[in-house]
Amino acid sequence: MSAPVAIVGAGAVSAFGIGWRGLGEAVAAGHLQPRESVLLRESHPGTLASEVPEIPAVLDAGNARARKLMSRAARLAAIAMREALVDAGFAERREEIGAWMGVGASGIAMEDVPAIVSASFVDGGLSLHRLGDQGLMACNPLFTFQTLNNFSLCHGAILEGLGGPNAAFFSRGSGTAVALAEALHALREGDCDRAIAGGADTALHPVTWAELRRDGFSAQGLVPGEGAAVLALARGASSRALGLLESCTAIAGAQAGTTPVSRELELLPLPRRADLVVIAPWGSPARAWLGDVAVTRYAGAAIVDVSLRLGDSLAATPALAWVAALDLLRPGERAVVLTLDVDGDLTVAAFRKESP
């Protein structure tokens, strides 16, 4: 039998602010509402979004110098990682702690974009050869630290001194579930005794939002969001346990077919029982499909749709749904978290809180 994996802490930053306790309750009660985005005001004025409020300096990631190297997602990830480690009491031997994160496309400062694009044109068209030569030379030397998405994990890991097994997975949702599944496997196999796992991203970078609009997601109800959330995990039983992580998986292309959901359910490896179902669909079509899955498979369970309040923050969406479920979970209950991302991939995670 596999060793139990306990959730011993969590950290989050979202439209709710910094912290995960109370997030699920606020979402379930409808206390959070999308507002006009400050980050998109110049490029896409009037866009309603789920945006992280201004971060107090005392709670920000690193120092001003470190933050110059960070993308928005990396900054949010570093905050969530720090909060999870503190919440779990992981103060010692941090060089042994594993770290797995789902990360998005990251993003550079917009002032660099015109210079890069202008230097990359040849005869009126974009030249990839010129981009790799003159284009990159036209940008800020710190460009690499901001734009490579694995730095959304690296910055926080460096700041917190983490040195165990680790990996960053590109994600628009499902990669974040892969990150948690990898952490669960590593803990059960004894690769490490403690780990953090989660996701961080923003759909509020002007280029990312322009892409989502171009592909028709905004017209189908996608509300852009941003945030980061991290679970702190420990192998074996723990007196600090907030719950147990039972399973996590990603199912590629789950919504790709047109077969009615009731016929597809037999093919989906979903947990059989749940008292609480937290769903996070990207928009209206996904909400109808995922809602049908939840109601059909888990009749009688309480269902909470976190995306109505937190929007879709791509790689961060599953992780924010996990911490919301953790906040709502009561002793003796099992929670199932279902998310459906813009690629049609389904993620499924199951948590349980033991009775006293």
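Near ASP275, within a Cβ-to-Cβ distance under 14 Å, what is the net charge of the other residues, with Lys and Arg +1 and Asp and Glu -1?
Working: positive: ARG272, ARG273, ARG297, ARG330, ARG334, ARG352, LYS353; negative: GLU246, GLU333, GLU354.
Local net charge: +4.
Antiparallel versus total DSSP beta bridges in segment 207-356: what percent is that, nearest 5?
Around 55 percent antiparallel, to the nearest 5.
Picking from ALA350, VAL38, GLY132, whose Cα lies most toward the positive end of the charge dipole for the chain (charges on Cβ: Lys, Arg +1; Asp, Glu -1)?
Comparing the listed Cα positions along the dipole, ALA350 ranks first.
Considering only HIS205, LEU314, LEU328, whose Cα is most displaced toward the positive end of the charge dipole of the chain, charges sitting on Cβ of Lys, Arg (+1) and Asp, Glu (-1)?
LEU328
If you work out percent of Cα pairs over 26 Å apart from the coordinates, which of [x] 51; [y] 47; [z] 54 do you get?
For percent of Cα pairs over 26 Å apart, the calculated option is [y].
Could you please report the charge total around GLU246, scoring K, R as +1 and D, E as -1 over all other residues with beta-carbon less than 15 angstrom from its beta-carbon? Working shown, then result.
Details: positive: ARG188, ARG235, ARG272, ARG273, ARG334, ARG352, LYS353; negative: ASP275, GLU333, GLU354.
With Lys, Arg at +1 and Asp, Glu at -1, the neighbours total +4.
Let's see if you can work this out: charge +1 on each Lys and Arg Cβ, -1 on each Asp and Glu Cβ, no other charges. What is the dipole magnitude of segment 1-100 about its Cα centre, in debye to the nearest 20? Show your work: numbers first, answer last.
On the way: 11 positive and 11 negative charges, 60 e Å.
Around 280 debye, computed over segment 1-100.
Relative contact order for the chain: what percent, with Cα pairs under 8 Å and sequence separation of 6 or more? Intermediate results must be reported in sequence, preceding the final value.
Details: 878 pairs, mean separation 90.9, N = 356.
The normalised contact order for the chain reaches 26 percent.
Quick one: dipole size for segment 94-222, taken about the Cα centre, charges +1 on Lys/Arg Cβ and -1 on Asp/Glu Cβ, in debye to the nearest 20.
Details: 7 positive and 14 negative charges, 61 e Å.
Dipole size: approximately 300 debye.
Report for the chain the percent antiparallel among DSSP-assigned beta bridges with both residues inside it, nearest 5.
Numbers: 39 of 62 bridges.
If I count the DSSP bridges inside the chain, around 65 percent turn out antiparallel.
Sorting MET137, MET110 by accessible area (1.4 Å probe), largest first, what list results?
Details: MET137 140, MET110 75 Å².
Highest to lowest solvent-accessible surface, that is MET137, MET110.
Report the local net charge at ALA168: Lys and Arg +1, Asp and Glu -1, summed over other residues whose C-beta lies under 13 Å from its C-beta. Intermediate values should be presented prior to the final figure.
Numbers: positive: none; negative: GLU182, ASP201.
Cβ neighbours under 13 Å give a net charge of -2.
Could you rank LEU308, LEU244, LEU85 by how accessible they are, 1.4 Å probe, largest area first? Walk me through the numbers on the way to the answer.
Working: LEU308 90, LEU244 25, LEU85 0 Å².
Output order, biggest surface exposure first: LEU308, LEU244, LEU85.
Nearest 0.05, what FRET efficiency do ARG240 and LEU126 give at R0 = 51 Å with Cβ-Cβ as r? Before the final figure, lay out each step's value.
On the way: r = 53 Å, r/R0 = 1.04.
Plugging the Cβ-Cβ distance into 1/(1 + (r/R0)^6) gives 0.45.
Determine the relative contact order of segment 135-233: mean sequence separation of Cα pairs under 8 Å and six or more apart, normalised by residue count, in whole percent.
On the way: 70 pairs, mean separation 22.1, N = 99.
It rounds to 22 percent for segment 135-233.
In debye to the nearest 20, how big a dipole does the chain give about its Cα centre with +1 on each Lys and Arg Cβ and -1 on each Asp and Glu Cβ? Can you show the working numbers first?
On the way: 29 positive and 37 negative charges, 99 e Å.
In debye, rounded to 20, the chain gives about 480.
Using each residue's phi in segment 75-82, evaluate 6.51 cos²θ - 1.76 cosθ + 1.60 at θ = phi - 60° and report the 3J(HN,Hα) Karplus result to the nearest Hz, with x for Gly and Pro.
With coefficients 6.51, -1.76 and 1.60, one gets 5, 5, 4, 4, 5, 5, 5, 4 Hz.
Measure off, as a whole percent, the carbon and sulfur share of the 1.4 Å-probe accessible area of the chain, all protein chains present. Kindly include the intermediate steps, with their values, before the conclusion.
Numbers: 8010 of 15210 Å².
Ligands and nucleic acids excluded, carbon and sulfur reach 53 percent.
The values are calculated or read from the model by the stated rules, or taken from the named source; none is laboratory data. This is a predicted model, so every value here is computed, not measured. Every residue, glycine as well, gets a Cβ built from its backbone with ideal geometry; the counts of neighbours run over all protein chains shown. Note: areas computed on protein heavy atoms with side chains; ligands, DNA, RNA excluded. Shrake-Rupley method; radii C 1.70, N 1.55, O 1.52, S 1.80 Å.
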